[in-house]
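We did not get these values from a lab; they are worked out from the coordinates using the rules stated. Note that this is a predicted model, so its numbers are computed, not measured. Cβ placement follows ideal geometry from the backbone for every residue including glycine, while neighbour counts extend to all protein chains displayed.
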Amino acid sequence: MAGKTINIKVKVWRQGGKYPKGQFETYDLKDVGTDMSFLEMFDVLNEQLVSKKEMPVAFEHDCREGICGTCSMVIDGQPHGPMKGTTTCQLHMRSFKDGATITVEPFRAKSFPVIRDLVVDRSSFDAIIQAGGYISVNTGQAQDANAIPIEKDTSEKAFDAATCIGCGACVAACPNSAAMLFTSAKVSHLATMPQGKVESQKRVQAMVNQMDKEGFGMCSNIKACEAECPKEISTDNIALMNREYLASVLGSDKEG
Amino acid sequence: MNWFVRLLTSSLGRKLIMSLTGLFLITFLLVHLGGNLQLLNNDEGKSFNLYAKMMTTNPIIKITSYGLYFFILLHAVQGLLIWNKNRVATGTKYAVKKKSPGTTWASNNMALLGTIVLVFLGIHMGDFWFAMKYQTWPDAEAGRELIKYTLDDGTISEAKNLYGKVNWSFSQAWIVIVYLVSMIGLGFHLWHGFESAFQTLGLNHKKYTPFIRLVGKIYSVLIPALFALIPIMYFLGMRFPDWLVFHFI
Ligand code: HEM
Ligand code: SF4
Ligand code: FES
């Protein structure tokens with residue numbers, strides 16, 4: 001199964017070690033199989049770098065099947081690259097032309113500081129989740145599946161929001177570096193489920209306050225997030241969060 | 001912190017202020033346009049001058065106008081503060097940035113477009129509002145005259161000839177160009193702003209959002225175009241035909 005191959009140049013952001021301030025380095029790669037994933041292309045590049053006793057390019061990855069959300073990078077100006085609804089690990093080299101120069105940068109946002117090369121610190125997202133992205137239940141025996149009824153379309157809505165993998169592409173795509181799509185996906189997912197409704201008023205305030213504290217920007221409803229999100233999370237969730245937030249602040253005693 | 005202060009200083013609360021003041025301004029523009037279209041009546045300014053007199057003397061309109069000044073300032077200051085905060089939040093720029101599919105140029109440039117409108121407001125208010133309110137009338141040398149009108153019931157009403165001032169301003173090419181550019185700026189601001197205000201309020205549902213979008217697109221083209229029609233027609237010396245006399249209020 002001899003597949004097609006292409007020759008490319010990869011222009012990668014290097015930061016840390018030899019490059020204290022950060023700069024682009026361009027590497028030539030020959031005979032790249034088009035069936036390779038984008039991350040496998042980086043594996044090949046890194047093997048070449050290691051054999052030349054150079055530092056490999058640091059990038060994050062874990063599942064390599066589009067569900068963990070770690071493989072963050074901006075490829076030719078788009079978070080997770082040119083393919084709609086696809087993470088970097090699920091992007092293949094057949095999406096690029098022979099002879100292309102591919103520019104790869106880390107996610108850029110004040111609240112996502114670069115750790116090394118393409119790796120950024122996304123613990124600001126963890127802080128938002130810790131502020132309210134949970135439900136308080138005692139674990140025990142598994143419940144009967146039908147003990148808490150939920151309508152099918154409601155559960156589907158909740159599931160759509162729940163598919164957010166917390167990758168941060170929405171922040172990376174946003175000209176304001178706002179974290180609204182991520183936060184609203186979590187707020188929306190939990191507020192829609194019966195188990196999550198219980199704490200929803202406190203949750204929305206707590207998560208929005210934390211989002212502000214982490215220094216993310218504000219939403220101008222540009223909707224670049226929705227366009228670049230690998231899970232195609234809808235900005236309808238942002239409207240839902242705006243509603244939930246107002247209703248909670250104006251209509252409840254809760255404070256986040 | 002007090003819940004109210006917390007609401008108004010949170011990111012969502014600050015956008016709520018943008019949305020509510022923006023919608024207020026959208027409503028104001030309709031009223032303002034209605035009054036101004038009387039400038040196009042072919043009556044040497046009678047209907048417009050009497051309307052302008054009523055606007056500057058009616059106490060309810062006076063109170064409303066202070067609200068308007070406050071909301072414009074609040075919208076502009078808050079908008080520029082938000083723009084600045086977002087700039088700080090963004091940090092390092094990308095070397096390559098591709099426009100995300102489905103996003104509009106207007107939505108990416110709201111602060112620039114708002115600033116065009118703000119500069120315009122400065123020129124516009126200086127030219128007419130300031131002249132009307134704070135300069136001495138009559139002043140024959142500066143072209144500010146008073147005209148006595150006989151009303152329908154036979155009484156005489158003396159009004160400032162603001163029409164004459166407008167006529168003079170809109171004979172200057174540069175002023176007409178400033179107005180046209182500003183109305184294009186306003187149109188783009190509202191191309192995004194109209195529907196954005198509803199999303200900010202959380203009013204988004206497939207039942208009515210397409211309708212809001214449509215109204216927003218029509219508004220953002222039609223209203224600035226009608227405003228722009230006034231300086232264009234004045235510059236070309238045109239008025240409504242005699243059979244069309246538009247009375248507002
Ligand atoms: C009569 C004139 C104006 C009208 C009708 C208007 C209307 C609006 C509306 C409806 C929005 C959308 C609010 C939202 O997204 O929730 C908006 C946003 C905005 N306006 Fe205006 N505006 C006007 C003048 C101005 C001026 C003078 C400025 C001054 C700089 C300005 C700056 C902004 C900014 C920066 C935003 C975007 C805020 C954001 O989403 O980040 N606007 N405007
Ligand atoms: S909303 Fe989309 S882009 Fe944002 S973190 Fe979740 S999956 Fe990633
Ligand atoms: S590596 Fe897990 S989503 Fe890409």
Fill in: Projected label distance in nm at residue A:137 and residue B:167, using a 7 Å step from Cα toward the beta-carbon
7.8
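Kindly put A:219, A:68, A:229 in sequence by how many other C-beta atoms sit within 10 Å of each C-beta, fewest to most.
Details: A:219 28, A:68 16, A:229 25.
With the sparsest Cβ surroundings first, the list reads A:68, A:229, A:219.
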Discussion item. Along its three principal axes, how long is the stretch B:94-246 when you only count alpha carbons? Whole Å, largest extent first please.
Written reply: 62, 40, 29
Worksheet item: What is the fewest-to-most order of A:36, B:183 by other Cβ atoms lying within 10 Å of their Cβ?
Response: A:36, B:183
Worksheet item: Magnitude of the Cβ-charge dipole of the protein assembly as shown, K/R +1 and D/E -1, about the Cα centre, nearest 20 debye?
Response: 640
Fill in: Orientation-averaged projected area, Cα convex hull of chain A (nm²)
17.0
Item to complete: Run through every distinct alpha carbon pair of the protein assembly as shown and return the Kirkwood hydrodynamic radius in angstroms, one decimal place.
Response: 26.4
Worksheet item: Between residue A:7 and residue A:232, what FRET efficiency follows from the Cβ-Cβ distance if R0 is 25 Å, with the result rounded to 0.05?
Response: 0.15
Fill in: Label-point separation in nm, residue B:242 to residue A:68, each point 7 Å along Cα→Cβ
8.4
Worksheet, complete the sentence: Too long for a 29 Å Cα-Cα cut-off, among B:15/B:206; A:11/A:52; B:97/B:217; A:231/B:98; A:52/A:84; A:84/B:206, are A:52/A:84
Response to the item:
Output field shielding_mean for B:198-205 (other chain Cβ, 10 Å radius) holds 6
Item to complete: Calculate for chain A the 222 nm mean residue ellipticity that helices alone would give, adding -39,500 (n - 2.57) per DSSP H run of length 4 or more and normalising by residue count, nearest 500 deg cm²/dmol.
Response: -10500 deg cm²/dmol
Worksheet item: Farthest toward the dipole's positive end in the stretch A:123-251, which of A:133, A:248, A:200, given Cβ charges of +1 (Lys, Arg) and -1 (Asp, Glu) about the Cα centre?
Response: A:248
Practice prompt. Name all residues of the stretch B:21-37 having a backbone nitrogen under 17 Å from the label point set 7 Å from the Cα of residue B:152 along its Cα→Cβ direction, giving them as ranges.
Written response: none
Worksheet item: Taking square-rooted eigenvalues a ≥ b ≥ c of the alpha carbon gyration tensor, is the stretch A:118-175 rounded, prolate or oblate, where a/c under 1.5 means rounded and, failing that, a/b exceeding b/c means prolate?
Response: oblate
Fill in: Protection proxy ranking, peptides A:22-28, A:4-10, B:39-45, average beta carbon neighbours within 10 Å, highest first
B:39-45, A:4-10, A:22-28
Worksheet item: Given charges of +1 on the Cβ of Lys and Arg and -1 on the Cβ of Asp and Glu, with all other atoms neutral, how large is the dipole of the stretch A:113-256 about its Cα centre, in debye to the nearest 20?
Response: 160
Item to complete: Express the Stokes-Einstein translational diffusion coefficient of the stretch A:5-115 in µm² s⁻¹, to the nearest whole number, given a Kirkwood radius over alpha-carbon pairs, 10 °C and a viscosity of 1.306 mPa s.
Response: 111
Worksheet item: Using a basic spin-label model with each label point 7 Å from the Cα along Cα→Cβ, how many nm lie between residue B:123 and residue A:25?
Response: 5.3
Fill in: Farthest toward positive dipole pole in the protein assembly as shown [+1 Lys/Arg, -1 Asp/Glu at C-beta], among A:56, B:16, B:215
A:56
Worksheet item: Can you sort B:144, A:203, A:243 by how many other beta carbons sit within 10 Å, fewest first?
Response: A:243, B:144, A:203
